[in-house]
1. Checking a compactness column here: for the stretch 83-155, what do you get for Rg(Cα) / (2.2 N^0.38 Å), N being the number of residues?
2. Which Cα, out of Phe60, Thr94, Asn37, lies furthest along the positive dipole direction of the chain (beta carbon charges, K/R +1, D/E -1)?
3. Between Leu86 and residues 5 or more places away or on another chain, which pairs have amide H atoms under 5 Å apart, with H built 1.01 Å from N, and which residues are they?
4. What is the gain in length, in nm to one decimal, between Glu56 and Asn37 on full extension, counting 0.36 nm per residue of separation less the C-alpha to C-alpha distance?
5. Within the set of other residues whose C-beta is less than 15 Å from the C-beta of Leu107, count the net charge using Lys and Arg as +1 and Asp and Glu as -1.
6. What list of ³J(HN,Hα) values in whole Hz, one per residue of the stretch 24-37 in order, does the Karplus curve 6.51 cos²θ - 1.76 cosθ + 1.60 (θ = phi - 60°) give from phi, with Gly and Pro shown as x?
7. Along the stretch 62-68, what does the Karplus equation 6.51 cos²θ - 1.76 cosθ + 1.60 (θ = phi - 60°) give for ³J(HN,Hα), rounded to whole Hz, x for Gly and Pro?
8. Per the helix-only calculation at 222 nm, which mean residue ellipticity applies to the chain, given -39500 (n - 2.57) for every DSSP H run of n ≥ 4 and division by its residues, nearest 500 deg cm²/dmol?
Amino acid sequence: MACKCCESSKNEDVVVCPVCRKVGDNVSTETVKSLVNEDIELKDTKYHICKDHKCEVIYFSNNQVIVDSEVKVEVWYKEKSTPKVLCYCSNITTYDIDSAFQQNNELTFNDVIKDMKNEGDSDCLHNNPTGKCCHKVISQYIENLKQVIIRDGSY
Ligand SMILES: [Zn+2]
């Protein structure tokens with residue numbers, strides 16, 4: 001699924017989260033700026049996002065650590081986040097996809113996009129905590145639901 005925002009996600013350097021020591025992803029400073037609480041002052045120009053689901057760190061740089069309580073949105077893959085938003089531009093949660101899937105277990109990514117997503121309003125750089133397009137995450141989430149059916153026989 002190619003779209004403009006999916007293409008711009010090259011990882012240049014490997015950096016680890018100062019708290020969980022797991023490898024983080026690059027994230028645009030523009031994204032960090034738009035999602036941290038107003039009272040947080042950014043001290044650097046280069047930030048990364050922690051990908052560990054248990055770690056409370058969201059963003060980090062060489063001199064700064066920004067934790068979940070300092071960010072305006074919940075990051076879906078963090079264990080304690082509720083609701084788990086997958087598409088931040090159109091506010092589509094895992095709950096929305098679960099219920100659509102319960103009604104139609106042949107559900108595809110395109111159905112979700114067609115029925116729920118308002119493509120005209122997409123601004124992943126400023127809305128999504130990773131700064132990236134949600135398309136891949138939504139496809140994977142649907143794929144996982146289908147795997148559960150294959151494995152357990154029912155949802
Ligand atoms: Zn971490």
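1. Against the empirical 2.2 N^0.38 Å value, I get 1.11 for the stretch 83-155.
2. Among Phe60, Thr94, Asn37, the one farthest towards the positive end of the dipole of the chain is Phe60.
3. Ile92, Thr93, Thr94
4. Result: 5.3 nm gained on full extension.
5. Every neighbour counted, the sum reads -3.
6. x, 10, 5, 9, 5, 4, 4, 5, 4, 4, 7, 10, 7, 4
7. Listing the rounded values in order: 4, 10, 8, 10, 10, 9, 4 Hz.
8. -9000 deg cm²/dmol
The values are calculated or read from the model by the stated rules, or taken from the named source; none is laboratory data. Because the structure is a prediction, the values reported are computed rather than measured. Ideal geometry is used to build each Cβ from the backbone, glycine not excepted, and the neighbour counts take in all protein chains shown. Heads up: the accessible areas ignore ligands, DNA and RNA and are worked out on the full protein's heavy atoms, side chains in. Shrake-Rupley method; radii C 1.70, N 1.55, O 1.52, S 1.80 Å.
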